[in-house]
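Q: What follows is a single structure, and I will ask about it in a moment.
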Amino acid sequence: MHLFAEATTKFTLELYGQLRDSKDNIFYSPVSMMTALAMLQLGAKGNTEQQIEKVLQFNETTKKTTKKSAHCHDEENVHEQFQKLITQLNKSNDAYDLKAPNSIYGEKRFQFFQTFLEDIKEYYQANVESLDFAHAAEESQKKINSWVERQTNGKIKDLFPSGSLNSSTILVLVNAVYFKGQWNHKFDEKHTTEEKFWLNKNTSKPVQMMKQRNKFNFIFLEDVQAKIVEIPYQGQELSMFILLPVEIDGLKKLEEQLTADKLLEWTNPENMDMIEMYLSLPRFKLEEKYDLQGPLKHMGMVDAFNPQKADFSGMSSIQGLVVSKVLHKSFVEVNEEGTEAAAATGVVVTKYSAQITEDVYCDHPFLFIIRHNKTNSILFFGRMSSP
């Protein structure tokens, strides 16, 4: 899975480069977005398929894998890897609640290739349903939204806003990710106090700052002047990593130097030291939504949105299929107990150095990651600039 981890990390940071200047706080699920796009890729051919593969960062990483046989496609590796990841993420677990369900909804009068539907079921464990977009688009939209809401324990509502699906909608691909975990070492609420969070050198706002003294995995990055601390969840299969610049306004420098290789290296357990630490982390809650058409085009996925060029002949023999929307919504809440996070992505296809102790005081903008440690996959990625 290490090539898969590399691809997800590259995708995470490529997309972050697109979203970085959009707003103060950022939060999204790379795994959710990639799963929805990979399901779309199953039905794409030619340039459209290659561009989606490029955006998913698998064109580079899969080249490194040896082909199983002459007639076996690279992309089979990709879908098999997603299959493995989804199986891992959907395993039931007593320590935390994690699920990553997929669903696809096709216009009931539209003829899809049986192989496309079977592949989606096999690789993505997707629920496949027919809906009447032609005559009941609003009703179909409500049905899809309520599926997403149920899958994310009520955290993601109205993924598709009113009017986003219409009579020309042919296919809707949806992936949701939901995670709720308790910290391995909880913060004691008695120690939470109101303190200042510095938005920049001159401006601060009050936050509820949680505190604890404990042993955590830690690394100090001399070259970028930043600290990374790993805060594991119960069961230790998932962790939150905080990337905190030393300076109040040091985040820009950290962002500019952040690459997939560096991030994988910095957060590798072998490069971190378990040290005693006084950790302060603000309570925070984020809800974000993104229309991904612009960012994905910038990343190289252009033809899928162009009626003259889109090639989805792997889904159906009917011409003229085009992607009209890629929407993503996310939610995270971090408190003394732990973290609750959810996200959903919908794709609509329409016709047309180690010190002994350390203080890590998260009182200014930082980046954070929620990672599935076994597969090294980034489930969620965020920037906290203003709690």
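The values are calculated or read from the model by the stated rules, or taken from the named source; none is laboratory data. Every value quoted in this text rests on a predicted model; they were computed, and no experiment measured them. Note: ideal-geometry Cβ built from the backbone for every residue, glycine included; neighbour counts use all protein chains shown.
Q: Of (1) modelled with pLDDT of 95 or more; (2) more than 18 Å from the chain's Cα centre (by Cα); (3) not polar (S, T, N, Q), E149 satisfies all except one. Which?
A: (2)
Q: Another one. What number of residues within region 80-91 are surrounded by fewer than 22 Cβ atoms within 10 Å (Cβ to Cβ), out of contact with any strand residue (DSSP E or B) (no Cβ under 9 Å at 6 or more places or on another chain) and either among the polar types (S, T, N, Q) or in the same structural domain as Y233 (by TED's automatic domain parsing) (or both)?
A: Number of matching residues: 2.
Q: Taking region 306-348 as the region of interest, how many residues are in a strand (DSSP E or B) and crowded, with 23+ Cβ neighbours inside 10 Å?
A: Number satisfying all stated conditions: 17.
Q: Given (1) under 24 Å from the mean Cα position of the chain (by Cα); (2) of a type in the set (D, E); (3) surrounded by fewer than 18 Cβ atoms within 10 Å (Cβ to Cβ), identify the lone condition not met by D359.
A: Tallying (1) under 24 Å from the mean Cα position of the chain (by Cα); (2) of a type in the set (D, E); (3) surrounded by fewer than 18 Cβ atoms within 10 Å (Cβ to Cβ), D359 fails exactly one: (1).
Q: Same structure again: Of all residues being of a type in the set (F, W, Y) and closer than 20 Å to G338 by Cβ in region 264-296, which is surrounded by the fewest Cβ atoms within 10 Å (Cβ to Cβ)? Just the residue, please. Quick ask: steps written out before the conclusion?
A: Just the residues of region 264-296 that are of a type in the set (F, W, Y), to begin with: 266, 278, 284, 290.
From the residues that got through so far, the ones that are closer than 20 Å to G338 by Cβ too are 278, 284.
Values: Y278: 13, F284: 20.
My answer is Y278.
Q: Collect the residues in region 362-385 that are closer than 15 Å to E265 by Cα and not in a loop (DSSP other than H, G, I, E, B), keeping them in residue-number order.
A: Result: I369, R371, S377, I378.
Q: Can you work out which of the residues in region 1-51 that are in contact with a helix residue (DSSP H, G or I) (Cβ under 9 Å, 6 or more places away or on another chain), hydroxyl-bearing (S, T, Y) and in a helix (DSSP H, G or I) is nearest to I86 (Cα to Cα)?
A: T35
Q: Would you confirm whether any residue within region 172-181 is under 19 Å from the mean Cα position of the chain (by Cα), buried (at least 20 other Cβ atoms within 10 Å of the Cβ) and hydroxyl-bearing (S, T, Y)?
A: Scanning region 172-181 turns up at least one residue that is under 19 Å from the mean Cα position of the chain (by Cα), buried (at least 20 other Cβ atoms within 10 Å of the Cβ) and hydroxyl-bearing (S, T, Y).
Q: Filter region 220-241 for residues that are aliphatic (A, V, I, L, M) and crowded, with 21+ Cβ neighbours inside 10 Å and give the result.
A: Here is the first cut: in region 220-241, the residues aliphatic (A, V, I, L, M) are 221, 224, 226, 228-229, 231, 238, 240.
The answer is A226, I228, V229, I231, L238, M240.
Q: Now, a different point. Mind listing whichever residues of region 229-248 are acidic (D, E), modelled with pLDDT of 95 or more and not in a strand (DSSP E or B)? If you could, list the steps in order and put the result at the bottom.
A: Here is the first cut: in region 229-248, the residues acidic (D, E) are 230, 237, 247.
The next check asks that each one be modelled with pLDDT of 95 or more; those that pass are 230, 247.
Result: E247, single match.
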